[in-house]
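Working notes, beginning with the structure itself.
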Amino acid sequence: TKRRKNKAKYFCQDLDGVLLEMVYIPKGEFLMGSDEGDKDEKPQHLVSIPSFFIGKYLITQAQWQVVANWPKVSQDLDPQNAFFKGDLLPIEQVSWHDAIEFCQRLSQKTGHYYRLPSEAEWEYAARAGTTTPFSFGQTVTARLANFDGSSPYGLARKSIYRTSTTEVGSLANPNLFGLYDMHGNVWEWCQDIWHDNYDGAPTDEQPWDTGEKPTLKVLRGGSWDYSGYGCRSAFRDRATAHIRSPFNGLRVVLNIKP
């Protein structure tokens, strides 16, 4: 079968000379979760998502440094907090609260509404119309994503474990929505509070922001230090909102004005 050609629409935000590229995600419906995965990925449920923009890449250290020096909204940001250093490497050692502050500063400075994705928006964007474990098919290799290749998924052979982040967009081609690094590199914070499964989950794009564990926030996508299994589109993880780790970063969403 022929692969569909990518026809992504873009919006570029100038951050004092550093570009932030946003990709238009068309509205649609998808089955969220996996019947074959962990308990927290069930039950599979139909979700309806309106159109939005999301970052073509993970937020880089160059972008982070610019915004970290802008006027604060609620808290300070450390411009140099990354463990692995490089302008085009993804920012990491970012807490959920740091990520929220980053989005608020972006919004305050630009007049656009930037935020973290909801968990449903994230999975919709990661799948890009696919129903396979990964947007590029049944399995993942070190050529396609930055993960712990010594712990492959499915029938894949063991491959390299790079032991660090990689420059954003430097490995595989983008998914069918035009997004890079949705599998591996660094975990991506979502707005949502962690829930142990999808019983009672929203059926739209809204974040699930009520629950018994308000300090536990959702992480998606896997990382350079995680198994292939954990980089699947449906895989879910969580951490307390104040945690800073070299495994966790972010990607931002831009609301489309009605």
Quiz item: How many residues are surrounded by 15 or more Cβ atoms within 10 Å (Cβ to Cβ) and part of a loop (DSSP other than H, G, I, E, B) when one looks only at the stretch 60-72?
Solution: 1
Quiz item: Any idea how many residues of the stretch 222-242 are among the acidic types (D, E) and either in contact with a His (Cβ under 7 Å, 6 or more places away or on another chain) or closer than 21 Å to N197 by Cα (or both)?
Solution: 1
Practice problem: Would you be able to tell me the number of residues in the stretch 219-256 that are surrounded by fewer than 20 Cβ atoms within 10 Å (Cβ to Cβ) and either free of Cβ contacts under 8 Å to residues at least 12 places away in the same chain or of a type in the set (D, E) (or both)? | Solution: 1
Quiz item: Of all the residues that make up the stretch 197-228, how many are of a type in the set (F, W, Y) and more than 16 Å from the chain's Cα centre (by Cα)?
Solution: 2
Quiz item: Just checking, which of Y161, Y180, Y153 is closer than 22 Å to D237 by Cα, surrounded by fewer than 17 Cβ atoms within 10 Å (Cβ to Cβ) and not aliphatic (A, V, I, L, M)?
Solution: Y161
Quiz item: Among (1) touching a strand residue (DSSP E or B) at 6+ places or on another chain (Cβ under 9 Å); (2) over 30 Å from R162 (Cα atoms); (3) surrounded by fewer than 19 Cβ atoms within 10 Å (Cβ to Cβ), where does Q75 come up short?
Solution: (1)
Quiz item: Would it be correct to say that Q93 is on the phi > 0 side of the Ramachandran plot and not aliphatic (A, V, I, L, M)?
Solution: yes
Exercise. Give A128, A145, A120 a once-over and let me know the one that is surrounded by 17 or more Cβ atoms within 10 Å (Cβ to Cβ), at pLDDT 95 or above, out of contact with any strand residue (DSSP E or B) (no Cβ under 7 Å at 6 or more places or on another chain) and of a type in the set (A, V, I, L, M).
Key: A128
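So that you can scan it fast, the table gives a plain yes or no per residue for (1) out of contact with any helix residue (DSSP H, G or I) (no Cβ under 6 Å at 6 or more places or on another chain); (2) among the hydrophobic types (A, V, I, L, M, F, W, C); (3) more than 22 Å from F53 (Cβ to Cβ):
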residue	(1), (2), (3)
L155	yes, yes, yes
Y180	yes, no, no
E188	yes, no, no
D199	yes, no, yes
P202	yes, no, no
D209	yes, no, no
L219	yes, yes, no
Exercise. Scan the stretch 1-27 residue by residue and report those that are modelled with pLDDT under 85 and either of a type in the set (K, R) or not in a loop (DSSP other than H, G, I, E, B) (or both).
Key: K2, R3, R4, K5, K7
Quiz item: Any residue at all in the stretch 82-104 that is within 27 Å of M32 (Cβ to Cβ), touching an Asp or Glu at 6+ places or on another chain (Cβ under 6 Å), buried (at least 17 other Cβ atoms within 10 Å of the Cβ) and not aromatic (F, W, Y)?
Solution: no
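Considering the stretch 81-139 alone, what residues qualify as being assigned to a loop (DSSP other than H, G, I, E, B) and aromatic (F, W, Y)?
Once the filter is applied, which keeps residues that are assigned to a loop (DSSP other than H, G, I, E, B) and aromatic (F, W, Y), the stretch 81-139 yields F83, F84, Y113, F136.
The values are calculated or read from the model by the stated rules, or taken from the named source; none is laboratory data. Note that this is a predicted model, so its numbers are computed, not measured. A quick note on method: Cβ atoms are made from the backbone with ideal geometry, for glycine too, and the neighbour counts reach across all protein chains shown.
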